[in-house]
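Colleague: The structure under discussion is supplied below as structure tokens; questions concerning it will follow.
The values are calculated or read from the model by the stated rules, or taken from the named source; none is laboratory data. Keep in mind that what you see is a predicted model, and the values were worked out from it rather than measured. Here the Cβ positions follow ideal geometry from the backbone for every residue, glycine too, while neighbour counts run over all protein chains shown. Keep in mind that these areas ignore ligands, DNA and RNA; they rest on the heavy atoms of the full protein, side chains included. Shrake-Rupley method; radii C 1.70, N 1.55, O 1.52, S 1.80 Å.
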Amino acid sequence: MFEKFIPNMRVDSVFDIDLEGLYAQGYRGIITDLDNTLVGAKAPLATPELIEWFEKVKKCGFKLVIVSNNNLDRVSVFANPLNIEFVHAARKPSGAAFHRAMEMMGLGPKETIVVGDQMMTDVFGGNRQGLFTVLVLPIAVQDEGFGTKINRMLERIVKRRLGKVGLWLEEDKRR
């Protein structure tokens, strides 16, 4: 039951994702969360390091769409200056936003990666759609909203359950 919460890959940040390796495996698109995945929840714009990462993503040949549960103002202020397509008010883990993002990229589930900081929304939603899921450490948990704090509590319960049956190893205690 809890297997749908297990990511295919765990990394500290988007900068640690092996883009070349995933491209070589046939992946062509990245659906990424915004808040606490790319930047802190209160950071309005991309950092220079993140802008460089977006360039690397394009250079590797990936298409990219931001899928966020946040509102239009928040997501558009971040994405529009970068010319990145997005889906706002996504209602993750619902599958509709993931499907919309794949349509925007012209790709299917076997070619698409989901990157996010939450098991309950990004990983669970991506796994339910048959996507390759990557869990990153959250950037700034102190800035998270009430709903996300509830999700973090649920994540701890899921991780404990998975750990008891040997499906979640805590190589990094921050996760």
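Colleague: Among the residues of the range 6-56, which ones are at pLDDT below 95 and aliphatic (A, V, I, L, M)?
Modeller: Within the range 6-56, I6, A41, A43 meet the criteria.
Colleague: Which condition breaks for A79 when tested against (1) within 23 Å of E20 (Cβ to Cβ); (2) hydrophobic (A, V, I, L, M, F, W, C); (3) surrounded by fewer than 23 Cβ atoms within 10 Å (Cβ to Cβ)?
Modeller: All conditions are met except number (1).
Colleague: What's the total number of residues in the range 110-120 that are open to solvent by 10 Å² or more (accessible area, probe 1.4 Å) and more than 19 Å from L19 (Cβ to Cβ)?
Modeller: Residues that pass the stated criteria total 2.
Colleague: Right, another one. Which pairs do you get when a residue that is acidic (D, E), found in the range 72-93, comes within reach of a residue that is surrounded by 12 or more Cβ atoms within 10 Å (Cβ to Cβ), reach meaning Cβ atoms under 6 angstrom, with the pair 6+ apart or on two chains?
Modeller: Filtered contacts from the range 72-93: E85/V65; E85/M104.
Colleague: Looking at V39, V87, V115 in this structure, which one is under 23 Å from F2 (Cβ atoms) and β-branched (V, I, T)? Walk me through it before giving the result.
Modeller: Numbers: V39 fails: under 23 Å from F2 (Cβ atoms); V87 fails: under 23 Å from F2 (Cβ atoms).
Going through V39, V87, V115 in turn, the sole match is V115.
Colleague: Moving on. Could you list all residues from the range 88-104 that are surrounded by fewer than 19 Cβ atoms within 10 Å (Cβ to Cβ) and in a helix (DSSP H, G or I)?
Modeller: G95, A96, H99, R100, E103, M104
Colleague: Now for a separate question. Would you point out the residue of the range 1-40, among those that are free of Cβ contacts under 8 Å to residues at least 24 places away in the same chain and either among the polar types (S, T, N, Q) or farther than 23 Å from K159 by Cα (or both), that is least open to solvent (accessible area, probe 1.4 Å)?
Modeller: By that ranking, first place goes to G21.
Colleague: Condition (residue is within 14 Å of the chain's Cα centre (by Cα) and touching a residue at least 40 places away in the same chain (Cβ under 8 Å)) applied to the range 41-61: is it met by at least one residue?
Modeller: So far as the range 41-61 goes, yes, one or more of its residues are within 14 Å of the chain's Cα centre (by Cα) and touching a residue at least 40 places away in the same chain (Cβ under 8 Å).
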